[in-house]
4 protein chains.
Amino acid sequence: MCDKPKLSIGLIGTGFMGKAHAVGFSAAQRVFDLPMQINLHTVADVTDETASRAADELGFANWTSNWHEMIDDPEIDVIDITAPNSLHKEMALVAIAAGKHVYCEKPLACTAEDALEMTLAAEKFGAKTQVGFNYICNPMLQLAKEMIAAGELGHIRGYRGLHCEDYMASDSTPFSFRHSLAGGGALADLGSHALATAEYLLGPITDVLGDCVTMINERPNGFGGTRKVEVDDIGRAFVRFASGATGSIEGNWIATGRKMQHDFEIYGTQGALVFSQEHFNELHFYSTNDPSGRQGFRRIEAAVEHPPYANFCVAPGHQLGFNDLKAIEVAGYVSAIANNGVEPFNFRKGLRIQQLVDAIQASSRQSRWHSTLP
Amino acid sequence: MCDKPKLSIGLIGTGFMGKAHAVGFSAAQRVFDLPMQINLHTVADVTDETASRAADELGFANWTSNWHEMIDDPEIDVIDITAPNSLHKEMALVAIAAGKHVYCEKPLACTAEDALEMTLAAEKFGAKTQVGFNYICNPMLQLAKEMIAAGELGHIRGYRGLHCEDYMASDSTPFSFRHSLAGGGALADLGSHALATAEYLLGPITDVLGDCVTMINERPNGFGGTRKVEVDDIGRAFVRFASGATGSIEGNWIATGRKMQHDFEIYGTQGALVFSQEHFNELHFYSTNDPSGRQGFRRIEAAVEHPPYANFCVAPGHQLGFNDLKAIEVAGYVSAIANNGVEPFNFRKGLRIQQLVDAIQASSRQSRWHSTLP
Amino acid sequence: MCDKPKLSIGLIGTGFMGKAHAVGFSAAQRVFDLPMQINLHTVADVTDETASRAADELGFANWTSNWHEMIDDPEIDVIDITAPNSLHKEMALVAIAAGKHVYCEKPLACTAEDALEMTLAAEKFGAKTQVGFNYICNPMLQLAKEMIAAGELGHIRGYRGLHCEDYMASDSTPFSFRHSLAGGGALADLGSHALATAEYLLGPITDVLGDCVTMINERPNGFGGTRKVEVDDIGRAFVRFASGATGSIEGNWIATGRKMQHDFEIYGTQGALVFSQEHFNELHFYSTNDPSGRQGFRRIEAAVEHPPYANFCVAPGHQLGFNDLKAIEVAGYVSAIANNGVEPFNFRKGLRIQQLVDAIQASSRQSRWHSTLP
Amino acid sequence: MCDKPKLSIGLIGTGFMGKAHAVGFSAAQRVFDLPMQINLHTVADVTDETASRAADELGFANWTSNWHEMIDDPEIDVIDITAPNSLHKEMALVAIAAGKHVYCEKPLACTAEDALEMTLAAEKFGAKTQVGFNYICNPMLQLAKEMIAAGELGHIRGYRGLHCEDYMASDSTPFSFRHSLAGGGALADLGSHALATAEYLLGPITDVLGDCVTMINERPNGFGGTRKVEVDDIGRAFVRFASGATGSIEGNWIATGRKMQHDFEIYGTQGALVFSQEHFNELHFYSTNDPSGRQGFRRIEAAVEHPPYANFCVAPGHQLGFNDLKAIEVAGYVSAIANNGVEPFNFRKGLRIQQLVDAIQASSRQSRWHSTLP
């Protein structure tokens, strides 16, 4: 493996997602037989202290408090951006212009316009890109996609997709950037995952009819007063797929009790699939081809038959964790950089999700169907 | 109990629902301490043979093939209509005019106009009426309603209600009256239950935005050809409640693998409820008042604390069946006739559901929100 | 159906089980096309008041406070005993000698010796008998039995059977006859159901190794003091089946939180079954014949393919309740009386269960395997 | 962190468990704020090729095909043994004598005698030791232990513990060392986990009554013939705890369909816990302190309130995977080496498990209770 080309990473941001990315790179290296040797080259944060401390903890060889310098470093191949959303665009454009590949946490940008600019830049410069939509990296979702493609469910007719959590359910949670237009709201933050999964599984959505509602109109401003919330708490949509299937989507961050309800149900002419992220190492499959009196949803547990599960464990039922999904994402991205396959979720796909979110929000305001032809 | 007033029943129709009603009357009599003595007086069907056979099997003292005669019989107090939908109106109006109480299987009528006429007639004549919406007779739904009313969930913000089955999922199932406008479609047939449960739990819906789709456009006509389906296979709606809650509804009869997905999820500021008819002797309750680190959806099993469970069994966890829900419905109706309480689901409520269905269908055609102010 | 022979019932006891039997007879009559016409002839209880009141409520034509008189009545065909356990033997022997068929709630008797005497008497007189083990009347258990018999699981190797509840979990529950030797304890009361299900599914148990423990040694005696408990709170056993399968059994009435954990898991060479009474309208089936990567426990919901479900409902997934199981038991018993098939669970089977319980208890005292060759 | 003392690891064996350990060390370093800096120093395997390749893939700086040399290297602090079971003893004794700390995959040794020798050596030399019982490193098990210790369940009365899989369910799986006395059988291989969890949660087991059975008596020998299996396929035991609780244990490797049924149920006077490794990020808790009519098993999802979950993710419900449990194990071990707390599962605990297994097997042969006083 010593003869593998080196892939040097420059990470910007050392918060929760920065750490998750570092763990992901590290795990991917040991779990997968990657085509390149990952080198945690440099980590950047706003102060020397934070950056130097993170370098130690996360295993980077160098650190800096000047991300521009890091991007200028010719040794670095990939710029990995986990900085606040509002900085994504500037950092990505500079990195792309410098010839780097760019890995960016979701959302890609604050607006679809910005996301488009970033996407076009990446495509112009030939940068390999990745946006952090990691739920689709689950072997069970890959299985679902393959089963659908193979016709095991027949022709798909109905879909329900959710991503509901409760982390904004308390109305005493103070106003933050997430409650401003720049933050985007529940549909942008969580519903985006439901949209990504829906298109991952069933292909392009062509039309949407939205219903975005704000249930908590004001939140504490931190100074004893309140501030008006600018975004939705629940974003719902009816959707049409190019395949002819119809369905619904919901993103919700005030669903008291729900921690990770990234769920879907798919109904086809020959079978059905039911999935819940709450038990994300399982996929429930109903087949009308089973004998009469023996039909039922069967609980398929993740096992070596479901790539890339076997990279993590040779025995079935041991289960992957959330951080393992990040490792799968990283592995797919590194393979794409080495020209083995395509990026799991590149900037264009990230842009697509933002366009869908925008269309649903506009549809909700206007109370009419919007086209989202890809 | 010999001194209880007698309540004589005249049943029209001896198919599946007729039998279910007869079993319900019989079980209600033995399971509940009813204020009246039920007397299975006469059963009517289209032929003498069918009617006489049903009288024996179902325990009615008399039979007839002329329902008009039965309605004229002064000994009979209640006319119970389980005949085809298209006959409901005529039978009910004649019975009401004859001074009978009327129990009618759902849907109340083929159109909201007809349902309104029936409702006004019943109210004019003081008839006690009942429409067969039996899912709401579940002790777990009564519990849910009480918990919501008592504020155990705080203020309700989000709702999802479904009623999905697969009995029309095969496109080789021939065209029947259910596929005609008179039949109403999946929203009218199944979504109506989801709407009834939604209003039962959260109060009136004020606005709807519908999406009714036909996925199987043609069905075999039984003569080697096909016939165009006139109704929806999936009916979806976004809804607003007068309480301020928002939500979604789905009725679906092509949900492959689903036999009885009459489910709901309710999210409030202090807690949540999750229910599935697939396990209808349970209610899952999340409370933010539970201690930190000990919160979770708790599976409450039906028990004597949840009336009227104790009428069926003195020990917890033994479970009610579908037919028991019918017995509860009957018991509630008989009590109402004896002026103990109101009917569980009278004609006006049945009318209301049809108005909601109509509004959703109109909204879907016009792609705009419709008011459903009650 | 008027030409069906009449079967007149004399019921002794009007408590919970008496009521359940009356409802069962009534429901069986309307739900099944029984070969005989059930006639609720007479009900007996200890006082005139109780008996007469029960006659009204439960629909019996006559009543008496003298059960001897009732047994002497030549019009009555079946004596149904739901009186206290200690009276079962006397009542049954008198009834059998009078030429009656006898239906007796479980346990058949207080000792295996008594049960044997009752069984021999019944066999000598040709009485059709029935003991109230109604869990095995579940269509899902019949399905399980058929699947095993048909070899769908291959050869059975491992079994786990439970019946755990918590109705004796509080140590402030006072001493009652159930805590005396006559009552029998948790193994006799609840474990007996687990044993009945085990032999119903897998055939005879040949050897047992028991572990019966008393966890609450004293209970309030109702006079301010306590009384020593004479029976087990948990009865466990390892078992060997004649088929070669091995397994374990547990009866437990102090399993806090469990209301109806009558569960089993069966592991064969080609498949497995998992069942819980907590969701008793489902059976979970794993088959090694499913394709690789698509294997999993599938949740089969009770439906018309699973007799006698269709007698209760023509559509799948509607679910039976506990009282419906009693109706199935009654229907099987009535059919046996009419010489259509064998009794679902006759006195000899009831005797068998008591012998197994005795053997486990003796095995526990002696800490060695006991033979239970049937 | 540069000022943290370095802890250099020498790993023997590069198969599945070797890889899992390497990933565990790597993840522990990035996920936890460890008191020492982990240095993957050298990896040893039987050939130069295997060892050198593993060094690259797993991130070790050096490699060797001579494990003796590695143990002699004064730079190495910890010898991590994932070699075949039969080599554990020799390697561990040499390493301990050389002053190393020793991390050894389970089972510690082939016999309890060997395990005792290893334990005494480690204690004599002051070596910090660890055996790979990683299921107990689950935050949900730590939570269960804390809840029990805090009295949230009251006094514990009943326990059921399982570890069932199906990886030996096919009788065409050839004979291997696992089927020989040295391999130990299902009880030693899987039941050992159930025993470890039982004592982890409830404290010492004092008495056992075993039932160890071989269901597949012969297996293919790989040369066209068969070889007699020397060990059990299912090992069951009744157990007594020093606390007064009673329970049962099962280890089973022929449980068709089960991939990871490491489950337990605990019943106390005030509450109960139910856990399944099949959903190992959840713990189900029943409390009699909940209000009447609102009691039920509540599904607690792993969250930041449950250490060390927060080290992996700051948001609830994201879930840990199997490899994360290994990282927790490593972190606990490294902390113990740095004298922060005790080893999660040291040699003496590993020895204890083997003694319990031996006692159950002896008890099964003799059909009598055996003392296992610790």
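The values are calculated or read from the model by the stated rules, or taken from the named source; none is laboratory data. Note that the structure is predicted; figures quoted are calculated from it, not measured. Don't worry about glycine lacking a Cβ; one is built from the backbone with ideal geometry, like all the others, and counts go over all protein chains shown. Side chains are part of the model used for accessible areas, which takes the heavy atoms of the whole protein and leaves out ligands, DNA and RNA. Shrake-Rupley method; radii C 1.70, N 1.55, O 1.52, S 1.80 Å.
Here are a few things to note about the model shown:
- Some residue of segment A:218-240 being within 22 Å of B:Met215 (Cβ to Cβ), open to solvent by 20 Å² or more (accessible area, probe 1.4 Å) and not acidic (Asp, Glu): yes
- Any hit, segment C:298-313, residues being modelled with pLDDT under 95 and under 22 Å from C:Ala109 (Cα atoms): no
- Residue check for C:Leu108: within 30 Å of C:Ile249 (Cα to Cα), crowded, with 24+ Cβ neighbours inside 10 Å and within 14 Å of chain B (Cβ to nearest Cβ): no
- Residue match in segment C:151-164 (condition: open to solvent by 10 Å² or more (accessible area, probe 1.4 Å) and either closer than 24 Å to C:Gly24 by Cα or assigned by TED's automatic domain parsing to the domain that holds C:Leu11 (or both)): no
- Of all residues in segment B:268-309, those satisfying the criterion of being more than 22 Å from C:Gln319 (Cα to Cα), of a type outside the set (Lys, Arg) and in a loop (DSSP other than H, G, I, E, B) are B:Thr269, B:Gln270, B:Thr288, B:Asn289, B:Asp290, B:Pro291, B:Ser292, B:Gly293, B:Gln295, B:Gly296.
- Some residue of segment A:340-354 being of a type in the set (Asp, Glu), open to solvent by less than 30 Å² (accessible area, probe 1.4 Å) and away from chain D (no Cβ under 14 Å): yes
- Residues of segment C:340-357 that turn out to be more than 16 Å from C:Arg240 (Cα to Cα) and part of a helix (DSSP H, G or I), as a count: 6
- Of all the criteria given as (1) free of Cβ contacts under 8 Å to residues at least 24 places away in the same chain; (2) facing another protein chain (nearest Cβ under 7 Å); (3) on the phi > 0 side of the Ramachandran plot, the one not satisfied by C:Gln319 is (1).
- When residues of segment A:254-284 are limited to those that are of a type in the set (Phe, Trp, Tyr) and over 11 Å from B:Thr256 (Cα atoms), the one nearest to the other protein chains (Cβ to nearest Cβ): A:Phe280
- Any hit, segment D:67-83, residues being within 14 Å of another protein chain (Cβ to nearest Cβ), touching a helix residue (DSSP H, G or I) at 6+ places or on another chain (Cβ under 6 Å) and over 29 Å from D:Glu117 (Cα atoms): no
- Restricting segment D:358-371 to residues that are assigned to a helix (DSSP H, G or I), of a type outside the set (Ser, Thr, Tyr) and over 23 Å from the mean Cα position of the chain (by Cα), the residue that is surrounded by the fewest Cβ atoms within 10 Å (Cβ to Cβ): D:Arg365
- Of all residues in segment A:1-18, those being in contact with a helix residue (DSSP H, G or I) (Cβ under 7 Å, 6 or more places away or on another chain) and facing another protein chain (nearest Cβ under 7 Å) number 2.
- When segment C:285-307 is filtered for residues that are under 26 Å from C:Gly132 (Cβ atoms) and away from chain B (no Cβ under 14 Å), only C:Pro307 remains.
- Residues in segment B:117-158 that are under 30 Å from A:Asp233 (Cα atoms) and within 16 Å of the chain's Cα centre (by Cα): 4 in all.
- B:Ala310 of a type in the set (Gly, Ala, Ser), more than 8 Å from every other protein chain (Cβ to nearest Cβ) and touching a helix residue (DSSP H, G or I) at 6+ places or on another chain (Cβ under 7 Å): no
- When residues of segment A:199-217 are limited to those that are more than 13 Å from every other protein chain (Cβ to nearest Cβ) and out of contact with any Leu (no Cβ under 9 Å at 6 or more places or on another chain), the one surrounded by the most Cβ atoms within 10 Å (Cβ to Cβ): A:Leu202
- Filtering D:Ala22, D:Ala55, D:Ala51 for residues that are touching a strand residue (DSSP E or B) at 6+ places or on another chain (Cβ under 8 Å), open to solvent by less than 60 Å² (accessible area, probe 1.4 Å) and without any contact (Cβ under 8 Å) to a residue 24 or more places away in the chain leaves a single hit, D:Ala55.
- Every pair of residues 6+ apart whose Cβ atoms lie under 6 Å, when the first sits in segment D:348-363 and is among the polar types (S, T, N, Q) while the second is crowded, with 23+ Cβ neighbours inside 10 Å: D:Gln354/D:Ala115; D:Gln361/D:Cys212; D:Ser363/D:Val208; D:Ser363/D:Leu209; D:Ser363/D:Gly210
- All positions within segment B:25-42 that are open to solvent by less than 20 Å² (accessible area, probe 1.4 Å) and away from chain C (no Cβ under 12 Å): B:His41, B:Thr42
- Residue check for A:Ala242: more than 26 Å from A:Glu165 (Cβ to Cβ), within 10 Å of chain D (Cβ to nearest Cβ) and at pLDDT 95 or above: no
- Segment C:59-105, residues that are of a type in the set (Gly, Ala, Ser), open to solvent by less than 40 Å² (accessible area, probe 1.4 Å) and under 28 Å from B:Leu34 (Cα atoms): C:Gly59, C:Ala83
- B:Asn134 vs. criteria of a type in the set (S, T, N, Q) and touching a Leu at 6+ places or on another chain (Cβ under 8 Å): yes
- Subset of segment A:319-339 (residues that are surrounded by 21 or more Cβ atoms within 10 Å (Cβ to Cβ) and in a loop (DSSP other than H, G, I, E, B)): A:Gln319, A:Leu320, A:Gly321
- Selection count, segment D:289-316, where residues are surrounded by fewer than 19 Cβ atoms within 10 Å (Cβ to Cβ) and in contact (Cβ under 8 Å) with a residue 40 or more places away in the chain: 2
- Qualifying residue in segment C:101-110 (condition: at positive phi and of a type in the set (Gly, Ala, Ser)): no
- For the residues A:Ala196, A:Ala186, the requirement of being at pLDDT 95 or above, under 30 Å from A:Thr288 (Cα atoms) and surrounded by 17 or more Cβ atoms within 10 Å (Cβ to Cβ) singles out A:Ala196.
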